[in-house]
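Peer 1: I'd like to ask you about the structure that follows.
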Amino acid sequence: MYQKKIYTLTQSILLATVLSSSLITAACSAEPSNTEILSNQNTAAEIYELGAAYYEGDSVPQNYEKAFELFQEAANQKYSDAQFNLGIMYENGVGVDQNYEKAMQWYLLAADNGDFEAPNNIGSLYYFGKGVDQNYEKSLEWYKKAADQGVGVAQLNMGGLYKNGYGVPQDYDTAFEWYALAADNGDFDAQNNLGTLYENGYGVPQDYSKALVWYKKAADQGIDVAQLNIGGLYENGYGVPQDYDKAFKWYHKAAGQDNQEASNRIGRLVMNGKIDGKGITIFSTQETGLTLGDIEKMSQ
């Protein structure tokens, strides 16, 4: 079964954008020349919120450079959310030149300042070797710091390390435990990965019905790999009656999210005569290099 292996998810910037009316007024009239005045007159939290407004374009024109400048002001006052988001902006090159070393510096400051999510991102930099030498052991160490604080994506990443034996001996039982914690925390990718463990009998008795339950939880949240995996269960009749039309339905959902493997499988269903390919013209297949429209013409 094709599986999307999730080891890390770069934390999205989740920014508070609630501003007082006075801050909104200041934001609408703020220019680079008076940003320093704002920073001297307001608390670090208020400066951060103003930066968040510029980042999101909430009540003011979106301006990543101003957001960065204001986050910098708040971060210099040891405001952990600002330190964390500076790390994200440096890591992704938003509002500033991409710089993994500086991203690491700000993540470390945020982590030292008690930010629960920063250790996950530090672990990610070690995992991918961005700005530092790749080191799975250090990645594990930092992921665990965040995971122990209940950060779902870090729990997901812990599961990935144990499932694949990166930095630790491969251990499906422990992988399952971490995925279960992440799934309970609402992590949709972890829900899909639990389904994969059940489908293949890794760390748990093989159980297609439980696999379907977990895949469905993730698929209902739009996770394309889970939709693909449900299609695979129906195509092969694993835990459900074999049903090519239902397989196509789920493959179609995943392909609609640019999942190439789903497109390939639709092409295979058509070529093998399992479904009527009439009217299916939007999917290309890496296996054949043809569109399904081409396949239809060849079969006429």
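Peer 1: Scan the range 225-266 for residues that are within 19 Å of Leu194 (Cα to Cα) and touching a residue at least 60 places away in the same chain (Cβ under 8 Å) and report the count.
Peer 2: 4
Peer 1: Could I ask something else about it? Please find, within the range 164-175, the residue that is nearest to the chain's Cα centre (by Cα) out of those that are free of Cβ contacts under 8 Å to residues at least 40 places away in the same chain and farther than 14 Å from Gly123 by Cβ.
Peer 2: Per the criteria, the residue is Ala175.
Peer 1: Moving on. Could you pull out every one of the helices (runs of 4 or more DSSP H) wholly within the range 6-96 that has 1 or more residues that are at pLDDT below 95?
Peer 2: The helices (runs of 4 or more DSSP H) meeting that bar are 21-29, 35-41, 44-56.
Peer 1: Every residue in the range 202-218 that is among the small types (Gly, Ala, Ser) and open to solvent by less than 30 Å² (accessible area, probe 1.4 Å), please.
Peer 2: Matches in the range 202-218: Ala211, Ala218.
Peer 1: Report every pair of residues separated by at least 6 positions or lying on different chains whose Cβ atoms are under 9 Å apart, first residue within the range 197-220 and touching a residue at least 40 places away in the same chain (Cβ under 8 Å) and farther than 13 Å from Ala183 by Cβ, second surrounded by fewer than 19 Cβ atoms within 10 Å (Cβ to Cβ) and among the aliphatic types (A, V, I, L, M).
Peer 2: Correct list of pairs: Glu199/Met1; Asn200/Met1.
Peer 1: May I pose another question? How many residues does the range 224-264 contain that are open to solvent by 20 Å² or more (accessible area, probe 1.4 Å) and either under 22 Å from Ala190 (Cα atoms) or in a helix (DSSP H, G or I) (or both)?
Peer 2: Here the count works out to 19.
Peer 1: Identify all residues within the range 90-125 that are open to solvent by less than 20 Å² (accessible area, probe 1.4 Å) and touching a residue at least 60 places away in the same chain (Cβ under 8 Å); write none if there are none.
Peer 2: Within the range 90-125, Glu91, Asn120, Asn121, Gly123, Ser124 meet the criteria.
Peer 1: OK, next. Residues of the range 180-194 being over 14 Å from Val151 (Cβ atoms) and crowded, with 24+ Cβ neighbours inside 10 Å, which ones?
Peer 2: Gln191, Asn192, Asn193, Leu194, listed by residue number.
Peer 1: Residues in the range 133-164 that are open to solvent by 30 Å² or more (accessible area, probe 1.4 Å) and either farther than 22 Å from Asn192 by Cα or assigned to a loop (DSSP other than H, G, I, E, B) (or both): how many?
Peer 2: Number satisfying all stated conditions: 12.
The values are calculated or read from the model by the stated rules, or taken from the named source; none is laboratory data. Note that the structure is a prediction, hence the values are computed from the model and not measured. Glycine also receives a Cβ, built like all others from the backbone with ideal geometry; neighbour counts cover every protein chain displayed. Only protein heavy atoms, including side chains, enter the accessible area calculation; ligands, DNA and RNA are left aside. Shrake-Rupley method; radii C 1.70, N 1.55, O 1.52, S 1.80 Å.
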